[in-house]
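The structure under discussion appears below in the form of structure tokens.
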Amino acid sequence: MPDDIAPQSAPPAMIPWGKELLPGFRRERIDVGGVGINVAIGGSGPPLLLLHGNPLTLVSWHKVAPSLAQGFTVVAPDLRGYGDSDKPDGGPDHSGYSFRTMANDNVAVMEKLGFGRFGVAGHDRGARVGFRMALDHPEKVTRLAALDIVPTHHVLSNVTLGWGLEAYHWFFMAQKAPFPEKLLCADLAYYISYKLNKKGVGLEIFSAEAMAEYVRCTTPEQIHAVCEDYRATVSVDFAMDTADFGKRTIAAPVLVLWGSNSHCGRHFKPLEAWAPWAPDLRGWPVPTGHYPAEHRPELVYDPFWRFFSGSEPVPYKE
């Protein structure tokens, strides 16, 4: 079976999740240009790359990845700077944490695993990495799914009071080092709890085991790397997207899902924001906050399975 074609069938029943995170997945550490990327790999079939967001790690996929592994070879890395992946210096212009750099990391990961073409799904920062990967490497990305974002260029070109109040960290974490790092590292446990406790949703959506992982990985080194990520976003990433806007589009089919009760759902019209970048676009809201794969994993699993199998996913209806 070619590596970019999945079986055409309805998804099998979801595998229940429990205390063990990502059962059946093996862990590897893959070197990409001197940077070690921590990766969980499971299943068999066409390759599917899952990219997590901030302030999470690869375990954010633990409620959907084992079910997807029933028909796909699922590859879930920690982005550079996050989780158990290396946290290299960002450089004077922070480009060591640009979405292009992180996209190149994960193209190299997939190549080292033997995958020349693959599907990509990302949440939050991971979706922004997937966006840049699909633009820069159209020969690699067969399909792209994005959870709860609109493109970076649209976000930074349409800042509103409401979004700014909810997404304060974009501009706080982008401040010159070490200002945000010093403040956030004063109480890391308080920070991670506050950051994940989204309005109208709460912390109950996270399993105790996943939450323990997020707390474990919230270290001063990760905080600095995340700040570098956001410094890159408002500088080199925004510049790249501005240069590409109206000139380049994503060749692959794109699926966008967003939480109706998230800052993305409240303050943007996601399909309108994605339309200039994605000629082959579909998507809809789901009744979640910012973390759909942990809040309502069944509403992510079904459309992901159908979409990455090459068929049209079924829109969610109340």
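Table for the structure above
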quantity	calculated
Every residue from the range 18-48 that is surrounded by 17 or more Cβ atoms within 10 Å (Cβ to Cβ) and among the polar types (S, T, N, Q)	N38
Flag if G289 is in contact (Cβ under 8 Å) with a residue 12 or more places away in the chain, out of contact with any Phe, Trp or Tyr (no Cβ under 8 Å at 6 or more places or on another chain) and surrounded by fewer than 22 Cβ atoms within 10 Å (Cβ to Cβ)	no
Subset of the range 293-302 that is of a type in the set (D, E) and closer than 21 Å to L21 by Cβ - its residue that is surrounded by the most Cβ atoms within 10 Å (Cβ to Cβ)	E294
Filter result for the condition that a residue is over 18 Å from the mean Cα position of the chain (by Cα) and either at pLDDT below 95 or not polar (S, T, N, Q) (or both), over V314, V300	V314
Any hit, the range 303-313, residues being open to solvent by 30 Å² or more (accessible area, probe 1.4 Å), closer than 23 Å to Y97 by Cα and part of a helix (DSSP H, G or I)	no
Elements of type helices (runs of 4 or more DSSP H) contained in the range 64-180, each with 1 or more residues being buried (at least 18 other Cβ atoms within 10 Å of the Cβ), touching an Asp or Glu at 6+ places or on another chain (Cβ under 6 Å) and not β-branched (V, I, T)	99-112, 152-157
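The values are calculated or read from the model by the stated rules, or taken from the named source; none is laboratory data. This structure is a prediction, so every number in the text was calculated from the model and none was measured. For neighbour counting, all protein chains shown are included, and Cβ atoms are generated from backbone atoms with ideal geometry for every residue, glycine included. When the accessible area is computed, the model is the full protein with side chains, heavy atoms only, and any ligands, DNA or RNA have been set aside. Shrake-Rupley method; radii C 1.70, N 1.55, O 1.52, S 1.80 Å.
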